[in-house]
Structures are given as structure tokens and as C-alpha cells.
Amino acid sequence: MGSMTRTFAELVQARWQDHRPGLAFEDQVLSHHQVAAGAAARAALLGELLPRGAAPHIGVLLDNTPEFPQWLGAAALAGAAVAGINPTRRGAELARDITHTECRVLITERTHLPLLDGLRLPGVRVLVTDTGAYAELLADYAGAEPEADGRAGPGAHMLLYFTSGSTGAPKAAICTQGRLAAAGQSLVGHFGVRADDVHYICMPLFHGNAVIADWAPAMAAGAGVALRRRFSASQFLGDVRKFGATYFTYVGRAVQYVLATEERADDRDNPLRVGFGTEAGAVDAARFEERFGVRLVEGYGSSEGGAAVQRTADTPPGAIGRAVAGDDLAVLDPVTRAECPAAVFDAGGRLLNGAAAIGELVNRGRSPFEGYWRNDGAYAERVREDGWYWTGDLFFRDADGFLYFAGRGDDKIRVDSENLAPAMIENILARWREAAAVAVYGVPDPVSGDQVMATVALRPGVGFDPLGFGEFLLAQGDLGTKMAPRFVRVVERMPVTATNKVRRGELRREGFWSGGELWWRPPGAAAYERLDAARLDRLLGEFGERGRRELLTP
């Protein structure tokens, strides 16, 4: 690919006079040159709209339309930063996202205008892309060429992307032009991205995954991009074929939703070469490759960029991989800061020393984390006084140094003084053919510690078979006796965020005491039974008798 590019603005400029197809959306196709020209026009407009001396920030409240990547390119040229605004946010929370990131301009479309009704957004200029007034405004800058502003250096803020933390307001992580360009170029090398590839972007561009892992490498390689306004499992394969997509990224439950669609004999007839993402799980990754003939590469990277784990050819089943070059990753006890011992497995692959082996993943080496916008407290939680980057995520490591994801920091489950890894239990339950999606989390035990609870979304037309589910669990040699769910909730569809991540915090708060179709395995029993109102009352009474009723959040 030649010498490494130092700024993302250079990658935008490199597409000038490139008249190959560059951006496809629905029935529209723009050349690379047209996209670069659109970015140049918008950058020139930003030069007029963004006052000097103020933070050059713009908010983008759009679906995945051609306007989004053109405004990303414009921000790179103008030395501005894009705050991706999540359209699932509402009211004061939405206003806070826009004002916290000090956006001077907000780019949106008519479908999202009702979200702004009644919001106080002082000093924010709103541009509505699908209007005549917007087209007229841009027409004045139609002849602009992609010249980089003096502010567009490697250290210029390029992205302010919100992390989906489970507590408090979302934090806006900073990504500079230099880091985004380097990330794109690194992925080009890692996946062998070519100029004739087509990157299918179906994850939302307001989230770091789509921009950093999908759009950036496409720009770095001069590959084409195909956009889907919003993710659709039913349209996934049709889009891939229509656009000739060879690469895509995913987050959370997206892969499970695609697998839940009706199988067809010609599913393997598609141009996809690779999918890159996180949280699909080893079982569903194998099912995806078997069905579609497409390799899924599971990686790990903290949203903020502070640590990354990459899969290699010798990575054992269930593991994520090893640290990338330059990272000194360790699994540490968050209290003592001592390194946790290596994981010990029995012959069936069952983790035997979870209490000791599971800890927090920490990067003790060089970290590319660039901080949060206006949030020193959150920064101090990530980068402690030792200078190490604490991910907040749970892992364990085997004797050969391979890392296994155990869950988010607040996902830890402790049953009978033993730490359990919810991600490991989820991977086991995902083998159950009746399940379309599974989430595992801890709920309070009436005496002490936690019990394991699972929420299961079943495949269409399937009802929960308690006997069949129990028999399935008994057949899993790597499922420890404490790992089997005490409670099972059955739902039609898993509750997820806009980026298809399971809302585990919501599930934990609802617990087993908030209704719905609930099953449980009474202590000492082998079979699952319906948790009806009478049984629930008796169980809640036990919490009251032991002074633990306050743990049951309504």
C-alpha cells in the first residue's frame, strides 16, 4: 500500500479523480471522485459555519445514507470532529449528547426532526439534508476541491463516538485523524483488503465499529462501500449479492439474527469473503461459515481503543486470540492488582478455577486510548495512576497465553463462592438449536451471592421445551454444575441497543421477579418448571426472611 498515511484527510484526497464506483446506496451509485467532491463541498461549507477559536465539532444524526460518509470526509478535510448521534436516544438524553460534545452544527434528516422537538440546543445550527434549502446551500460550494484545513493534522480530533456504558451517561471517546488512518491501514494489511473489494456497512455509522472497522479500511484501500440505511437480517443476503459485497462488520446479536432467517439451498452463493466483529460466539461463527461459506473473524477491541486481541490461525476453540503487537496484556485481580493464574480446564473443556483465573483485562504497555471528551473522571477509571489501561472487561488466559472473554465488568456471576464467566455459558447455550439468541447474567440468590439466569429468544414457531432443554444441558460436557441456569426467561426477541448489543443491564434489573414466561429449576431438582405466581411469592418471601429483599430491583 506504500507509505503510511498520517491523516485521514489524505485518504479522502486520494480518491479525487478516482472514477470507479465508490459508494452504493439503494439504487444510487456514486464514484469515489463524486464522494470526495461531496466531502470537499461540505468541508468548504463547514469553513463558513464553524467559528475559529471554538471546538470544531459537528453532530451527525442520520441513518446510514450517503450523506454520512461525505460528512465524515468533510470533517477530515476541515479538521473537525464528528459526534455520531444515536437516533434511539430521546429527550434530555439526546440533547445532552449534542450539547456535551459542543456541536456547532447538527446534520440530520426529516425523518429524525421529531426527535428534536422541544429540545434546547443553544448555538446549534441544524441542517436537514433532504430539503431544498440544504441543496441550495451546498450548491454554492459545488466546485470545491478537497483541500485540507490547517487544523487537519494527525492529532486533530476526528471522531467523538459514544460508548454504550451500562451506568451513567454515555462517554464520548476521542479518536484522532492519525489513529483512524492507522486503524484503517492496519485492517487493510490484516485482511488483505483490495481496491476491488466492496465493504457492506449495515452497522450504524454513529457507532465506532462501522466507522473504524468498516469504512476506514475501505477508504485506506480505495475499496467500494455499500450502505444499508438500518440493519436488516432479512435483507442481508440480498444486499450482499446486489452490491457484490466481500467484507462486512458486525456487533452483538447481528449474526444470530441473520442465522435465524429461513435457510435456502443457495445460501453459499454469495461474494462475501470475510466478516469481522465481536460477540458472535464460536458456535454461531461456525454455523455462519457452514451455511454461507464465509469466515467470521472474532476480535476484541475496547470501544476506546485501549486494548486489542487478534485471532491467529492457532487460536483454540473458545479463545479470542492473543494481544496485538505492542500491547502488554495481562489478566489482573482488580483489588490486589496481582496477575491471575492461568486457567485450568478438565478433559471436557470445563473451567475449573474460575474464582482465581477470571480477572480484568489490563494493557500494561503502550495504549492508543486518546481519552474522553470533557470527562476526566471516566478517564481516571480507565488509566490509573500506574499508567495502565484497565478495560473493565473480564477475561481469563490459558497456559499458552490465549485470552478468553468472560464478560463485561459488571457481568461477573459468583455462585457458591465461584466466579463464573457469563460469556462462556452463553457460548455453550448457543449450541441449543432451538435458540435464536441467548443472554446470560447474574441475579441475586436468597442466601448469598448470585444465581445464573438466561434469557432465550427462540427460533420462529418453536416453544420452550423444559425437558428437552434440561437434556441438552446434561449433554454438554463443559457445562459445570454451577453454570446451568437456575432461571430461564423466554422472549420473542432479545432486547438490544441500536448497535445490536444485548441490554444486559435491563435484563438484570427485570430479573426473575418482573413477569413474562419464566421457568426455573428448584434447588435439588433436575427438571425445569414454570415459575408461577405462587412459587414466585414463596421465593420472594425467602429474600425477605434473610434481609435481602432490597436486592430485587423493581
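The values are calculated or read from the model by the stated rules, or taken from the named source; none is laboratory data. Keep in mind it's a predicted model, so treat the numbers as computed, not measured. In this analysis, Cβ positions are derived from the backbone assuming ideal geometry, glycine residues included, and neighbour counts consider all displayed protein chains.
Looking at the structure I just gave you, is residue 17 farther than 28 Å from residue 174 by Cβ and not charged (D, E, K, R)? It is true that residue 17 is farther than 28 Å from residue 174 by Cβ and not charged (D, E, K, R).
Looking at 160, 127, just one residue is farther than 25 Å from residue 16 by Cα and in contact (Cβ under 8 Å) with a residue 24 or more places away in the chain, and that residue is 160.
When residue 199 is tested against (1) assigned to a loop (DSSP other than H, G, I, E, B); (2) modelled with pLDDT of 95 or more, just one condition goes unmet, and that condition is (1).
Residue by residue, here is whether (1) of a type in the set (A, V, I, L, M, F, W, C); (2) without any contact (Cβ under 8 Å) to a residue 40 or more places away in the chain; (3) farther than 23 Å from residue 226 by Cβ holds:
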{"residue": "8", "(1), (2), (3)": "yes, no, no"}
{"residue": "27", "(1), (2), (3)": "no, yes, no"}
{"residue": "36", "(1), (2), (3)": "yes, no, no"}
{"residue": "46", "(1), (2), (3)": "yes, no, yes"}
{"residue": "56", "(1), (2), (3)": "no, no, yes"}
{"residue": "64", "(1), (2), (3)": "no, no, no"}
{"residue": "81", "(1), (2), (3)": "yes, no, yes"}
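Residues in segment 331-344 that are out of contact with any helix residue (DSSP H, G or I) (no Cβ under 8 Å at 6 or more places or on another chain) and under 15 Å from residue 418 (Cα atoms): 333 alone.
Scanning segment 414-425 for residues that are closer than 23 Å to residue 251 by Cα and either of a type in the set (Val, Ile, Thr) or surrounded by 23 or more Cβ atoms within 10 Å (Cβ to Cβ) (or both) yields 421, 422, 424, 425.
Does residue 534 satisfy the condition of being more than 30 Å from residue 209 (Cβ to Cβ) and either in contact (Cβ under 8 Å) with a residue 60 or more places away in the chain or not in a helix (DSSP H, G or I) (or both)? Give the derivation first.
Values: more than 30 Å from residue 209 (Cβ to Cβ): yes; either in contact (Cβ under 8 Å) with a residue 60 or more places away in the chain or not in a helix (DSSP H, G or I) (or both): no.
Answer is no for this residue.
May I ask you to say which residue of 214, 149 is outside any helix (DSSP H, G or I) and of a type in the set (Asp, Glu)? So the residue among 214, 149 that is outside any helix (DSSP H, G or I) and of a type in the set (Asp, Glu) is 149. What number of residues in segment 159-197 are of a type in the set (A, V, I, L, M) and in contact with a Ser or Thr (Cβ under 6 Å, 6 or more places away or on another chain)? Here the count works out to 4.
Among the candidates 65, 131, which residue alone is more than 28 Å from the chain's Cα centre (by Cα), β-branched (Val, Ile, Thr) and farther than 27 Å from residue 370 by Cβ?
131
Among the residues that make up segment 340-362, is at least one of them within 19 Å of the chain's Cα centre (by Cα), surrounded by 15 or more Cβ atoms within 10 Å (Cβ to Cβ) and under 30 Å from residue 103 (Cα atoms)? The answer is no, given that none of the residues of segment 340-362 is within 19 Å of the chain's Cα centre (by Cα), surrounded by 15 or more Cβ atoms within 10 Å (Cβ to Cβ) and under 30 Å from residue 103 (Cα atoms).
Among residues of segment 517-529 being surrounded by fewer than 17 Cβ atoms within 10 Å (Cβ to Cβ) and over 16 Å from residue 435 (Cβ atoms), the one that is modelled with the highest pLDDT is 529.
Looking at the structure I just gave you, is residue 14 within 26 Å of residue 111 (Cβ to Cβ) and assigned by TED's automatic domain parsing to the domain that holds residue 208?
So residue 14 does not fit the description; no.
Does residue 525 satisfy the criteria of being in a loop (DSSP other than H, G, I, E, B), out of contact with any His (no Cβ under 7 Å at 6 or more places or on another chain) and either at negative phi or of a type in the set (Lys, Arg) (or both)? Taking the combined requirement at face value, the residue satisfies it. Looking across segment 317-330, just one residue is touching a helix residue (DSSP H, G or I) at 6+ places or on another chain (Cβ under 6 Å) and crowded, with 20+ Cβ neighbours inside 10 Å, and that is 318. Does residue 63 fit the bill of being farther than 25 Å from residue 174 by Cα, at pLDDT 95 or above and either surrounded by fewer than 21 Cβ atoms within 10 Å (Cβ to Cβ) or among the small types (Gly, Ala, Ser) (or both)? The answer is no for residue 63.
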